[in-house]
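The values are calculated or read from the model by the stated rules, or taken from the named source; none is laboratory data. Computed from a prediction, not measured in an experiment: that's the story for all the values here. All Cβ positions, even for glycine, are placed from backbone atoms using ideal geometry, and neighbour counts span all protein chains on display.
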Amino acid sequence: MKPPSEKTAGRRKSRPSFEPLQPHEIELADFFVRMAGILGVPRSVAEIYALLYLAPRPLNFDLIQGRLGMSKGSVSQGLKFLRDHEMILSVKAPGSRRESWMPTPSLASSLVALLRSQVLPALEQATPSLKRVLQDAQQNGTTPAVVERLERLNRWNSRALELFPLLLPPPPGS
């Protein structure tokens with residue numbers, strides 16, 4: 001399996017009745033896929049976001065699915081992820097019941113929300129495990145070099161938890 005950086009976005013063929021992705025759309029999708037991979041965000045989410053980001057108007061579900069050649073489930077899950085992380089907005093044309101999607105106006109705000117929802121919880125969840133690993137290493141006579149590495153890792157995690165909130169703007173409403 002190729003690492004995310006070696007795969008190209010838009011690798012699926014679009015459905016025949018939909019316009020295939022253009023080279024600049026594939027290139028932007030590759031960028032978002034690489035960035036999403038760093039945060040552990042699924043490739044399909046990054047591809048959907050890239051398509052919406054470049055679209056001159058909001059896109060509906062069928063158009064997203066057709067252009068990207070994704071399954072309904074992948075598109076549905078991707079849109080839910082993006083909506084839950086405040087990266088896209090739902091838009092309905094006057095008189096229409098059909099929902100379309102567009103990126104939120106601020107990419108910076110979207111990225112901050114994503115970092116808050118992905119990185120901070122991972123750091124918080126790691127704290128007890130890292131402490132247990134260190135305690136086990138100390139109690140089981142692990143070599144001093146390994147214990148020192150584990151102590152540094154625990155200190156790094158603690159410092160990251162202290163600094164992370166300071167590096168990002170405060171959440172909305174605080």
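Out of the residues in region 52-85 meeting the condition of being small (Gly, Ala, Ser) and within 17 Å of the chain's Cα centre (by Cα), tell me which one is surrounded by the fewest Cβ atoms within 10 Å (Cβ to Cβ). Among those residues, the one meeting the criterion is Ser76.
Answer with yes or no whether Ala29 is crowded, with 19+ Cβ neighbours inside 10 Å and out of contact with any helix residue (DSSP H, G or I) (no Cβ under 9 Å at 6 or more places or on another chain). In short, no.
The rows are residues; the columns are (1) over 16 Å from Ile88 (Cα atoms); (2) among the aliphatic types (A, V, I, L, M).
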| site | (1), (2) |
| --- | --- |
| Glu25 | yes, no |
| Asp30 | yes, no |
| Ala36 | no, yes |
| Ile48 | no, yes |
| Tyr53 | no, no |
| Phe61 | no, no |
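Cβ separations smaller than 9 Å between residues 6+ apart or across chains give the following pairs from region 110-139 residues that are touching a residue at least 60 places away in the same chain (Cβ under 8 Å) and within 28 Å of Pro170 (Cβ to Cβ) to residues that are β-branched (Val, Ile, Thr) and buried (at least 16 other Cβ atoms within 10 Å of the Cβ): Leu114/Val41; Gln118/Val41.
Condition check ((1) part of a loop (DSSP other than H, G, I, E, B); (2) assigned by TED's automatic domain parsing to the domain that holds Leu161) across all residues:
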| site | (1), (2) |
| --- | --- |
| Leu52 | no, no |
| Gly66 | no, no |
| Glu86 | yes, no |
| Leu115 | no, yes |
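Filtering Leu114, Leu161 for residues that are more than 17 Å from the chain's Cα centre (by Cα) and among the aliphatic types (A, V, I, L, M) leaves a single hit, Leu161. Any idea which of Thr142, Thr104 is surrounded by 14 or more Cβ atoms within 10 Å (Cβ to Cβ), of a type in the set (Val, Ile, Thr) and free of Cβ contacts under 8 Å to residues at least 12 places away in the same chain? Sole residue among the options that is surrounded by 14 or more Cβ atoms within 10 Å (Cβ to Cβ), of a type in the set (Val, Ile, Thr) and free of Cβ contacts under 8 Å to residues at least 12 places away in the same chain: Thr142. Within region 32-49, if we keep just the residues that are of a type outside the set (Gly, Ala, Ser) and at pLDDT below 85, the residue that is surrounded by the most Cβ atoms within 10 Å (Cβ to Cβ) turns out to be Leu39.
Among the residues of region 95-104, is there at least one that is more than 16 Å from the chain's Cα centre (by Cα), under 18 Å from Met35 (Cα atoms) and assigned to a loop (DSSP other than H, G, I, E, B)?
Checked against the condition, which is being more than 16 Å from the chain's Cα centre (by Cα), under 18 Å from Met35 (Cα atoms) and assigned to a loop (DSSP other than H, G, I, E, B), region 95-104 yields no hits at all.
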